[in-house]
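Here, each number is a calculation from the coordinates, and none is a lab measurement. Being a predicted model, the structure only gives us computed values, none of them experimental. Methodologically, a virtual Cβ is constructed for each residue, glycine included, from the backbone with ideal geometry; neighbour enumeration extends over all protein chains shown.
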């Protein structure tokens, strides 16, 4: 939480020094609702890392986040969502996602099966 607070304060000071803060704040009500959800999603992700990391380790939540970003980016690209150019998903890209999913599965559940391979 300290690093998050330090980052928030640093960005606040930077935005004050840069100028134009009040015009940016005045434009918030005219923004589409979906564009304002990023901060809440980021705060939920940070909170889940803080809660989950002591229980399941750091690699599991971060691995899940990375694979989730890969999958969601493929969906966004394939359908051209959020105003992006439509880029169909290829078999090579899906193979890369499958490799990441396999690696995540090994990372999450591999410890349960190491006894079978070592003894």
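Counted over the chain with a bin width of 5 Å, the fraction of Cα pairs per bin, in whole percents, is 2, 8, 11, 14, 15, 15, 14, 10, 6, 3, 1, 1, 0, 0. Inter-label distance, residue 37 to residue 75: 1.0 nm, where each label sits 7 Å from its Cα along the C-beta direction. Extension gain, residue 91-residue 46: 0.36 nm per intervening residue step, less the Cα-Cα distance, totals 12.9 nm. Rounded to the nearest 500, the 222 nm mean residue ellipticity of the chain from helices alone is -26500 deg cm²/dmol, with -39,500 (n - 2.57) taken per DSSP H run of at least 4 residues. In this rough spin-label picture, where each label sits 7 Å from Cα along the Cβ direction, the residue 102-residue 28 distance is 4.7 nm.
Among 14, 49, sorting on how many other beta-carbon atoms sit within 10 Å of each Cβ, with the fewest leading, yields 14, 49.
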